[in-house]
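In what follows, a structure is listed as structure tokens, so that the remarks can point back to it.
The values are calculated or read from the model by the stated rules, or taken from the named source; none is laboratory data. Please read all numbers here as calculations on a predicted model, not as lab measurements. Here Cβ is always computed from backbone atoms with ideal geometry, including for glycine, and neighbour counts include all displayed protein chains. Ligands, DNA and RNA are stripped out before the accessible areas are found, and what is left, the full protein with its side chains, is counted by its heavy atoms. Shrake-Rupley method; radii C 1.70, N 1.55, O 1.52, S 1.80 Å.
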Amino acid sequence: MDRARAPELLDRLTPAQFEAVERLLGVMADPWSELPVEDEEVNPATARALDEARLSLSRGEGIPHEEVLREFAGSLAR
């Protein structure tokens, strides 16, 4: 589709349709923006665990996705 047609097509939408397209484009451009914000308090132990996990990831110590899948598949086979 030619991007130059987008304004013409948007002008033909009803207000409700335009609102739906605007929301869809917003989610597509920034999927995390529409996630609800959790209002649950994080206790000190969980905060420390999250900090340790972030530091571990920043050092490249994360577990590769393939390894997680292998472990998960192995636990299902039992």
Exercise for review: Express the carbon and sulfur contribution to the solvent-accessible surface of the chain as a percent, rounded to the nearest whole number, probe 1.4 angstrom.
Suggested key: 59 percent
**Study point:** Options (1) 50, 36, 21; (2) 45, 22, 16; (3) 54, 35, 28 - which one matches Cα extents along the principal axes in Å as calculated here
**Key:** (3)
Exercise for review: Give me the accessible area per residue for region 16-78, probe 1.4 Å, as a whole number in Å².
Suggested key: 96 Å²
Check your understanding: Any idea what the dipole of the chain comes to, in debye rounded to 20, about its Cα centre with Lys/Arg Cβ at +1 and Asp/Glu Cβ at -1?
Key -> 320 debye
